Structure formats: structure tokens, C-alpha cells
Amino acid sequence: GESVGLHLPTLSVQEGDNSIINCAYSNSASDYFIWYKQESGKGPQFIIDIRSNMDKRQGQRVTVLLNKTVKHLSLQIAATQPGDSAVYFCAEGLGSWGKLQFGAGTQVVVTP
Amino acid sequence: DTEVTQTPKHLVMGMTNKKSLKCEQHMGHRAMYWYKQKAKKPPELMFVYSYEKLSINESVPSRFSPECPNSSLLNLHLHALQPEDSALYLCASSQLGDRGEQYFGPGTRLTVT
């Protein structure tokens with residue numbers, strides 16, 4: 001669907017704290033979910049993915065949780081660092097191979 | 001080499017101009033993508049190529065014409081654009097069947113005057 005508004009939701013986090021970024025997805029048939037990070041002036045960068053037959057997946061300092069009952073996805077970043085400041089997008093894989101639908105995005109600002 | 005390169009970085013063009021955006025990857029990926037991204041918005045898929053053939057066209061106006069001359073290159077030809085086409089155009093590539101882990105270039109910032 002379309003994003004609404006001119007301002008991204010913002011999450012302000014103190015350095016060293018844990019961050020939780022949330023995402024609601026729309027299509028109950030989506031079978032693949034991904035988190036991307038986009039720093040200013042750069043293209044999106046893959047962080048972690050999860051398939052619909054899982055409810056949790058861990059990477060380096062990141063954990064993705066999937067709740068299919070309420071169509072909710074979250075990204076947890078442990079010990080947030082200044083380099084984690086970016087816009088974070090969730091994306092869902094919709095049916096056709098190669099087609100991703102991105103969510104609206106969340107701006108994460110890490111404060112010292 | 002895990003880099004996707006895009007040229008030019010910035011482009012300003014008039015509504016009667018013809019220009020092209022270029023994208024290159026040397027990761028052996030056989031899927032390549034064009035996305036459009038407006039400020040403060042998520043990327044929107046425009047086209048997908050697999051094995052150098054167009055597999056998805058998201059109802060993009062014909063003033064945008066993609067081309068995949070070989071497995072490493074992807075072009076986007078622009079003609080008679082409108083000011084509302086001003087955006088960041090992102091190219092991405094991935095392994096076939098691995099639709100999630102797409103590698104994105106830095107984008108071309110396009111301004112149509």
C-alpha cells in the first residue's frame with residue numbers, strides 16, 4: 001500500500017541501549033520477510049530475513065521476530081551503536097519471484 | 001566484489017531530453033532490478049530482469065524503458081519525463097531465487113526540470 005505523510009516515524013535510542021523497530025505487514029499470504037537498512041546517501045543494505053515457517057531468527061547483534069497471528073514483524077538491535085543510525089525498512093515477499101513490497105520505514109537516531 | 005555501481009550519481013534533465021541511467025554488477029547475479037524512491041518513502045519496484053529477460057514490469061509508464069544488454073549491465077532509458085518523475089533511482093541485483101537478499105547500488109538522483 002502507499003505510505004502516508006511526509007515524516008518518517010523516528011526512534012531515538014541512547015548508545016548502548018537495545019532498539020526495537022516494529023513493522024505491520026498487510027498480506028497474510030506473504031512467505032518471506034526481510035529487513036533493510038538505508039544510510040543517508042546510500043542504497044538499502046540487507047540485514048536479515050525470515051521465512052514464514054519461523055518465528056525468530058538471530059544474526060550478529062540483530063534478532064527478527066515474526067508474529068503471523070497479528071501480522072507483525074520486529075527487528076531488535078542489541079547494544080545500539082552510532083553506526084546503526086539509518087532508516088530501517090521491512091519488506092515482504094509477495095508471491096511472484098523477485099517482488100518485494102517495502103514498508104514505510106523507521107528513522108533510527110542514536111544519541112550519545 | 002559485492003558492489004553494484006550506478007552512473008551518473010546525479011542527473012538533471014529537461015522534459016524533452018533523452019538520457020540513460022546505467023547499472024553494473026560483477027557478482028554473477030542473474031536477477032537485476034530497478035526501483036524508484038521518493039524522499040522519505042520506501043523503494044518502489046519498477047522492473048525485474050532474470051537471465052537478461054524482463055520478467056516483471058510494475059505498470060511503469062513507457063517513458064521509462066529498461067534494457068539488459070548482458071548479465072552484468074542494466075540500463076534505464078528516459079524520455080519525455082515529467083517533474084514528478086524526479087526521484088532516486090536504485091538498481092539492485094540478486095541470485096536467482098534469492099529475492100530477499102538484494103544488493104543495492106547507491107542510486108542516481110534524478111531531477112526533471
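Of a type in the set (Asp, Glu), out of contact with any helix residue (DSSP H, G or I) (no Cβ under 8 Å at 6 or more places or on another chain) and more than 14 Å from every other protein chain (Cβ to nearest Cβ): does that describe A:ASP31?
Spelling it out, it is not the case that A:ASP31 is of a type in the set (Asp, Glu), out of contact with any helix residue (DSSP H, G or I) (no Cβ under 8 Å at 6 or more places or on another chain) and more than 14 Å from every other protein chain (Cβ to nearest Cβ).
Scanning segment B:71-112 for residues that are surrounded by fewer than 19 Cβ atoms within 10 Å (Cβ to Cβ), of a type outside the set (Asp, Glu) and modelled with pLDDT under 95 gives B:SER71, B:GLN95, B:LEU96, B:GLY97. Of all residues in segment B:72-85, those that are charged (D, E, K, R) have Cβ atoms under 9 Å from Cβ atoms of residues that are open to solvent by less than 60 Å² (accessible area, probe 1.4 Å) and in a loop (DSSP other than H, G, I, E, B), 6 or more apart or on another chain, in B:ASP85/B:PRO61. No other residue among B:LYS41, B:LYS36 is within 11 Å of chain A (Cβ to nearest Cβ), closer than 20 Å to A:LYS42 by Cα and either assigned to a strand (DSSP E or B) or open to solvent by 30 Å² or more (accessible area, probe 1.4 Å) (or both) apart from B:LYS41. Taken over segment A:73-106, residues that are farther than 30 Å from B:SER55 by Cα and open to solvent by 50 Å² or more (accessible area, probe 1.4 Å) amount to 3.
The values are calculated or read from the model by the stated rules, or taken from the named source; none is laboratory data. These numbers come from a predicted model, not from an experiment. We place every Cβ from the backbone using ideal geometry, glycine too, and count neighbours over all the protein chains shown. Side chains included, ligands, DNA and RNA excluded: accessible areas come from the protein's heavy atoms. Shrake-Rupley method; radii C 1.70, N 1.55, O 1.52, S 1.80 Å.
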